[in-house]
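Enquirer: What follows is a single structure, and I will ask about it in a moment.
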Amino acid sequence: MVLLLGGAAFAAGVTFYGKSLDKNITRTDPFAALTGGRPLATTNGAINMLLVGSDSRDPGSTVESANAWRADTIIVMHIPKDHKSAYLVSIPRDLYVPIPQNAGGDCGGNRNKINAAFAFGGLPLAVKTVECLTDIRMDHVAAIDFGGFKEVTDALGGVTMNVEQEITSIHKPFRHFNKGKQHMNGAEALDYVRQRKQFADGDFARVRHQQQFLKALMNKAASSGTLTNPSKLNAFLKAATKALTVDKQMKVLDMAVQFRNLDGSSLHFLTSPHLGSQDIDGQSVVVSDRENALSLYQAIGSDRVADWVKAHPSAVKK
């Protein structure tokens, strides 16, 4: 997400400083186990990126292998070849899908909630599982520590979220959120977007709030004077890069310059088409709407998402 959040910031900064920030980002190779590896992706043409996030990172775990992590956020981000917009497709973490036996194996396998792929095999298996689900080749991968985004939010002076109903957090210190627009600092915003049990649609509400949070961050970064204030800019970029783990091939500085004109109005949020929750084998899971999901992912693969959105206007989250 730093590509979007800090694109204009990187472009406005000194190249050397941008390179030093690039070194602040943790690198991993989620493609190594995939058959034949991956050719180097470029910043030209359409780009597909997998964003995986968790706000409960175990400091002793790594993103490369099986561990106690379960992905709280799974997003396929598609940037069309004109680089004038970005489509972010949230995949419900409870989506019931086949999980391959390993990252180098064939598609198919025992069905489970998609967020289990990260726990079973780290980023490599998460990439493999999402590619099997969507039939889309991921050019890049970014793992986001949403706990670290508390600092990103605070560096921007907080964000304004539209609270859709009055709730009290189920997590200490049990914050109360009133309905309507509310300015939040980092801890408050992350607390709010974690809530789900108080909402009738449960985890779908959390997906919706995560999307709102990311868009609020984008808008605040573009409008708060952060990009023209050296002190704010430094704090913002250091916090953003510290919260990211990306693939070794990603040239963050080059991509940030390419996407420097993207802002909140350029982002289009969707959710992978589904039929809602069902009980299967004693657990509540989300069942994919195969026909509509297939048409969406085919549109992404052929860089025709704008056409798909025109045909499915209600799919885009405002």
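Enquirer: Tell me, please, whether a residue that is at positive phi, loosely packed, with under 14 Cβ neighbours inside 10 Å and not polar (S, T, N, Q) can be found in region 217-228.
Expert: yes
Enquirer: Hey, another quick one. Please enumerate the residues belonging to region 81-119 that are in a loop (DSSP other than H, G, I, E, B) and over 20 Å from Leu270 (Cα atoms).
Expert: Ile99, Pro100, Gln101, Asn102, Ala103, Gly104, Gly105, Asp106, Cys107, Gly108, Gly109, Asn110
Enquirer: Moving to a separate point now. Looking at (1) surrounded by fewer than 19 Cβ atoms within 10 Å (Cβ to Cβ); (2) under 25 Å from Gly276 (Cα atoms); (3) polar (S, T, N, Q), which is the one condition that is false for Gln211?
Expert: So Gln211 meets the others, but not (1).
Enquirer: Could you list all residues from region 240-252 that are surrounded by 19 or more Cβ atoms within 10 Å (Cβ to Cβ) and either modelled with pLDDT under 75 or touching a Gly at 6+ places or on another chain (Cβ under 7 Å) (or both)?
Expert: Correct list: Ala240, Ala243, Val252.
Enquirer: Condition (residue is assigned to a strand (DSSP E or B) and surrounded by 14 or more Cβ atoms within 10 Å (Cβ to Cβ)) applied to region 290-313: is it met by at least one residue?
Expert: No.
Every residue, every condition in (1) assigned to a strand (DSSP E or B); (2) not hydrophobic (A, V, I, L, M, F, W, C), yes or no:
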| position | (1), (2) |
| --- | --- |
| Gly157 | no, yes |
| Asn162 | yes, yes |
| Gln165 | no, yes |
| Phe174 | no, no |
| His183 | yes, yes |
| Glu188 | no, yes |
| Tyr192 | no, yes |
| Lys197 | no, yes |
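Enquirer: Using the structure shown, decide if Pro39 is modelled with pLDDT under 90, touching a strand residue (DSSP E or B) at 6+ places or on another chain (Cβ under 6 Å) and within 15 Å of Arg137 (Cβ to Cβ).
Expert: In short, no.
Enquirer: Cβ contacts < 8 Å: first residue farther than 16 Å from Thr134 by Cβ and aliphatic (A, V, I, L, M), restricted to region 100-116; second residue assigned to a loop (DSSP other than H, G, I, E, B) and at pLDDT 90 or above, any location; separation 6+ or different chain. Result?
Expert: Ala116/Ile99
Enquirer: Next question. Kindly indicate which of Thr153, Thr168, Thr134 is more than 30 Å from Ala32 (Cβ to Cβ), modelled with pLDDT of 85 or more, crowded, with 21+ Cβ neighbours inside 10 Å and not small (Gly, Ala, Ser).
Expert: Thr153
Enquirer: Let me confirm something: among Phe199, Phe236, which residue is surrounded by fewer than 19 Cβ atoms within 10 Å (Cβ to Cβ) and aromatic (Phe, Trp, Tyr)?
Expert: Phe199
Enquirer: Within region 98-114, how many residues are closer than 22 Å to Arg196 by Cβ and surrounded by fewer than 23 Cβ atoms within 10 Å (Cβ to Cβ)?
Expert: 2
Enquirer: Give me the residue from region 57-78 that is in contact with an Asp or Glu (Cβ under 7 Å, 6 or more places away or on another chain) and modelled with pLDDT under 65 and, out of that set, surrounded by the fewest Cβ atoms within 10 Å (Cβ to Cβ).
Expert: Looking at residues that are in contact with an Asp or Glu (Cβ under 7 Å, 6 or more places away or on another chain) and modelled with pLDDT under 65, I get Ala68.
The values are calculated or read from the model by the stated rules, or taken from the named source; none is laboratory data. Because the structure is a prediction, the values reported are computed rather than measured. Glycine also receives a Cβ, built like all others from the backbone with ideal geometry; neighbour counts cover every protein chain displayed.
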